[in-house]
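Participant: My structure is below; once you've seen it, I'll send some questions.
The values are calculated or read from the model by the stated rules, or taken from the named source; none is laboratory data. Quick caveat, the model's predicted, so the values are computed rather than measured. Neighbour counts run over all protein chains shown; Cβ positions are idealised from the backbone, glycine included.
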Amino acid sequence: MNQNDIHPAVSEEDKSEAVVRSSVALGALARAQRKRLSLRQLDIADRGRTGNRFIVELEGGKPTLQLQKVLDVIDLLGLELVVRTKSGPNGPAV
């Protein structure tokens with residue numbers, strides 16, 4: 001199975017955004033998406049060519065995981081990381 005075969009189809013209705021400010025929040029989003037896709041942690045580990053422990057640690061919010069591996073797994077889950085300038089009263093700290 002190649003990586004193009006595992007990206008979930010996402011309808012416009014399923015698209016949502018969340019502001020992530022911690023590894024715990026990112027892990028919770030990854031877990032919720034995995035469950036929405038009816039996949040086990042082991043399924044993601046196998047498809048992402050990583051260990052099950054890495055998936056457990058990601059979903060648990062471990063702050064010291066390798067960034068590229070995290071990005072690869074969230075991509076595998078059909079998620080993406082978007083970085084933008086903060087807006088509103090809590091904008092950029094200078």
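Okay, residues lined up against (1) touching a strand residue (DSSP E or B) at 6+ places or on another chain (Cβ under 7 Å); (2) of a type in the set (Lys, Arg); (3) loosely packed, with under 13 Cβ neighbours inside 10 Å; (4) not in a helix (DSSP H, G or I):
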{"site": "Asp46", "(1), (2), (3), (4)": "no, no, no, no"}
{"site": "Thr50", "(1), (2), (3), (4)": "no, no, no, yes"}
{"site": "Gln68", "(1), (2), (3), (4)": "no, no, yes, no"}
{"site": "Asp72", "(1), (2), (3), (4)": "no, no, no, no"}
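Let's see how each residue does on (1) modelled with pLDDT of 90 or more; (2) more than 13 Å from the chain's Cα centre (by Cα); (3) among the basic types (Lys, Arg):
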| position | (1), (2), (3) |
| --- | --- |
| Asn2 | no, yes, no |
| Lys15 | no, yes, yes |
| Val19 | yes, no, no |
| Val24 | yes, no, no |
| Gly27 | yes, no, no |
| Arg31 | yes, no, yes |
| Leu42 | yes, yes, no |
| Arg47 | yes, yes, yes |
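Participant: Something else about it: Return yes or no: is Val10 surrounded by 14 or more Cβ atoms within 10 Å (Cβ to Cβ), modelled with pLDDT under 95 and assigned to a loop (DSSP other than H, G, I, E, B)? Please lay out each step first, then the result.
Facilitator: Working: surrounded by 14 or more Cβ atoms within 10 Å (Cβ to Cβ): no; modelled with pLDDT under 95: yes; assigned to a loop (DSSP other than H, G, I, E, B): yes.
When the stated conditions are applied, Val10 does not pass them.
Participant: Just a yes or no: is a residue in the stretch 20-40 β-branched (Val, Ile, Thr) and within 25 Å of Thr85 (Cβ to Cβ)? So that I can check it myself, show each step before the final result.
Facilitator: Initial filter on the stretch 20-40 (β-branched (Val, Ile, Thr)): 20, 24.
Subset that is within 25 Å of Thr85 (Cβ to Cβ): 20, 24.
Yes, the conditions are met somewhere in the stretch 20-40.
Participant: Also, quick follow-up: Whether any residue in the stretch 87-94 is aliphatic (A, V, I, L, M) and either in a helix (DSSP H, G or I) or modelled with pLDDT of 95 or more (or both) is what I want to check. Outline the logic, then answer.
Facilitator: Step one: list which residues in the stretch 87-94 are aliphatic (A, V, I, L, M), which gives 93-94.
Filter again for either in a helix (DSSP H, G or I) or modelled with pLDDT of 95 or more (or both), leaving none.
No, there is no match, as no residue in the stretch 87-94 is aliphatic (A, V, I, L, M) and either in a helix (DSSP H, G or I) or modelled with pLDDT of 95 or more (or both).
Participant: Test each condition in (1) among the β-branched types (Val, Ile, Thr); (2) touching a Pro at 6+ places or on another chain (Cβ under 8 Å); (3) farther than 24 Å from Ser16 by Cβ for Thr50 and report the one that comes out false.
Facilitator: For Thr50, the failing item is (2).
Participant: Could I ask something else about it? Could you figure out which of (1) surrounded by 15 or more Cβ atoms within 10 Å (Cβ to Cβ); (2) in a helix (DSSP H, G or I) isn't true of Val24?
Facilitator: (1)
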